[in-house]
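First up is the structure itself, then whatever we jot down about it.
The values are calculated or read from the model by the stated rules, or taken from the named source; none is laboratory data. From a predicted model like this one, the values you see are computed outputs, not experimental measurements. Heads up, the Cβs are rebuilt from the backbone with ideal geometry, glycines too, and the neighbour counts pull from every protein chain shown.
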Amino acid sequence: MPEPAEGQVLIKVHAVSINMGLDVGNREGRYSGPAHKLTLPFIPGTDPSGVVVKVGQGVSSLAPGDRVAGGAEGGLGGYAEYALLNERARKVPDTLAFPEATVVSRHFGAAYGEIRRANLAQGEWILVLGAAGGLGSCAIQVAKHFGARVIAAASSAARVTATLGLGAEYGIDYGSEDLVDRVFEITEGHGVDVVLENMGSPRLFPLAIKALARNGRLVTIGAHAGGTVPLDISRLYLQRLTVMHGMDGTQKGDVEEAFRLAAAGEYKSLIHTVLPLEQVAEAHRLVEENEAIGKVILDPTL
């Protein structure tokens, strides 16, 4: 049983998600982030939500019984019956289920950050790649909230259909359609002003660059599809394009707003399935083999 240190809270975990990079990648030892720092044994799980059962010294904003969600302390430990969060964990509205709370806490904040980094203006065209994934599905809704015209692109017709239910105006199945041709057809020759890219795909990244309009911006966060990509430098400078990372754009209050809108039914979490902790291997398989449309969630209380 973990014991909360100063500034920490202990929660009974009700939901934690499977992330391709931070969970599958760490498990396989190939994630480009903190994987080299991990020593065995470790407990995966970055984004648990649940009920506070104990608080450490100095914690005044949370109390036992509070429903909360946040990043696991140290970025690990969520695949468990009990986990530690720091006191910055956010309270979850009573009407929002824990699987949805985990998705909102994990991905909507990042989506706000991507949109802000891109300096997306009302009425601009935005292309979201990997749109049926956890981050992509949230980014569609945040972009719509900012007043953009959203094109959702995914790897199959079923995934595209799922994104259209989240507010995207148009969908592109890049598994069977020409991504660039369809973008220019939809935008009547203009191209998209912003691309949100969260895979680092060697095939899709150069297509995303080609789909950008003059002065377009590509925001990238994530590299689970490879991470090493070709870049057409001549198009970059001739079309005055900008490529940037999507981190650090989240502002205070973004996640709280996302919780409020999710509780009101305006933001939706695309969830494929919720499984008990004992089926974690199956949960990872669904994500690794790209069978899930939306997030795969573990619930240790099941």
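Structure summary
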{"quantity": "Within the range 268-291, tally of residues that are part of a loop (DSSP other than H, G, I, E, B), over 14 Å from the mean Cα position of the chain (by Cα) and touching a residue at least 24 places away in the same chain (Cβ under 8 Å)", "calculated": "2"}
{"quantity": "Complete set of residues in the range 211-231 that are surrounded by fewer than 19 Cβ atoms within 10 Å (Cβ to Cβ), modelled with pLDDT of 85 or more and within 28 Å of GLY25 (Cβ to Cβ)", "calculated": "THR228, PRO230, LEU231"}
{"quantity": "Meets criteria (modelled with pLDDT of 95 or more and either in the same structural domain as PRO44 (by TED's automatic domain parsing) or not small (Gly, Ala, Ser) (or both)) for ALA69", "calculated": "yes"}
{"quantity": "Residue match in the range 13-26 (condition: among the charged types (D, E, K, R), within 27 Å of GLY130 (Cβ to Cβ) and either surrounded by fewer than 16 Cβ atoms within 10 Å (Cβ to Cβ) or outside the structural domain of HIS224 (by TED's automatic domain parsing) (or both))", "calculated": "yes"}
{"quantity": "Residue count, the range 87-119 (criterion: part of a loop (DSSP other than H, G, I, E, B) and β-branched (Val, Ile, Thr))", "calculated": "2"}
{"quantity": "Within the range 236-262, tally of residues that are assigned to a loop (DSSP other than H, G, I, E, B) and of a type in the set (Gly, Ala, Ser)", "calculated": "3"}
{"quantity": "Selected residue [farther than 20 Å from GLY71 by Cα, in the same structural domain as ARG116 (by TED's automatic domain parsing) and either assigned to a strand (DSSP E or B) or out of contact with any Phe, Trp or Tyr (no Cβ under 8 Å at 6 or more places or on another chain) (or both)] from GLY265, GLY216, GLY222", "calculated": "GLY216"}
